[in-house]
Amino acid sequence: MSEVLSKYLPEHAVLSCFELIKENNVHLKIVNERQTRHGDYRRAVGGKHEITVNANLNKYRFLITLVHEISHLVAYEKYGRLIKPHGNEWKITFQRLMVPFIRPEIFPHAVLPLIANHFRNPTASSDTDARLAFALKQFDERKPDVHFVHEVPSGSMFRIKNGRIFQKKGLRVKRYECLEVKTGRLYLFNANAEVEILPG
């Protein structure tokens, strides 16, 4: 198992993650990319703890996702099944399990302060923390035609993964206002949303 994990995790996180998996009796499945989630946890029939994590994640996001899902398991075991999935009990558990990994041997120096800041009050998804999500995306394998919304010139058209086409308008506080061409409706996009810029 640790050999498999070493393909997906930062080198200095492998052993600790392996121990977390063993001590919590986790059945880990590494699965194909899902658009809606990076990972999930469920208690299967017979009480087996199943965690899935997307195989396409970079090693830093894989680590955060794995610990995120193990935190669900640990929080449910400690506080009971009636707690909110991303409530205070889960946040405390996630912080406690993640703190040992917030070190320069594991995360790049540019990401460390953002990780430390995020884990003061972790959210249901690290994607909602725009600065951290953008920093983590720098380590993704990017296809040449994929850009971020903040890179799209104002007034230009772009396509998102499901094929819908938008025109970028302006910045509203931290997110970009974009007009869906087909419906004429305005939507707000995070700066780090991945899009395909369409030729002018």
Can you tell me which lysines have their Cα less than 16 Å from the Cα of LYS91? Leave out same-chain residues fewer than eight positions away. LYS78
With a sphere of radius 14 Å drawn around the Cβ of GLN167, what net charge do the other residues whose Cβ falls strictly inside it have (Lys, Arg +1; Asp, Glu -1)? +3
Which residue, chosen from GLN138, ALA191, LEU171, occupies the Cα position most advanced towards the positive end of the dipole of the stretch 126-200, where the dipole is computed from +1 (Lys, Arg) and -1 (Asp, Glu) charges on Cβ about the Cα centre? LEU171
How large is ³J(HN,Hα) for each residue in the stretch 180-185, as worked out from phi by the Karplus curve 6.51 cos²θ - 1.76 cosθ + 1.60 (θ = phi - 60°), to whole Hz, x for Gly and Pro? 6, 4, 5, 9, x, 8
5 Å-binned pair-distance histogram of the stretch 138-200 (Cα, whole percent): 4, 20, 33, 24, 13, 5, 1
For the stretch 82-200, what is the convex hull volume of its Cα atoms per residue in Å³? 146
Can you pick out the pairs among LYS137/LYS168; LYS84/LYS137; LYS48/LYS174 whose Cα atoms lie more than 31 Å from each other? LYS48/LYS174
Local net charge near MET157, Cβ-Cβ under 13 Å (Lys/Arg +1, Asp/Glu -1): +3
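Anything in the chain that counts as a DSSP H helix reaching 20 Å or more along its axis (C-alpha) with Kyte-Doolittle mean of at least -1.0? List them, would you?
Helices meeting the criterion: 59-79.
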Counting only Cα atoms, I'd like the Rg/Rh figure for the chain, Kirkwood definition for Rh. 1.01
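What's the magnitude of the charge dipole for the chain around its Cα centre, counting Lys and Arg as +1 and Asp and Glu as -1 at the beta-carbon? Answer in Debye, nearest 20.
680
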Gap separating the Cα centres of the stretch 14-53 and the stretch 151-186, nearest whole Å: 36
So for the pair VAL99, LYS29, with labels modelled 7 Å out along Cα→Cβ, what separation do we get in nm? 3.4
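All of the numbers you see were taken from the coordinates with simple rules; none came from a lab. Bear in mind the structure is a predicted one, so any value in this text is a computation, not a measurement. Here Cβ is always computed from backbone atoms with ideal geometry, including for glycine, and neighbour counts include all displayed protein chains.
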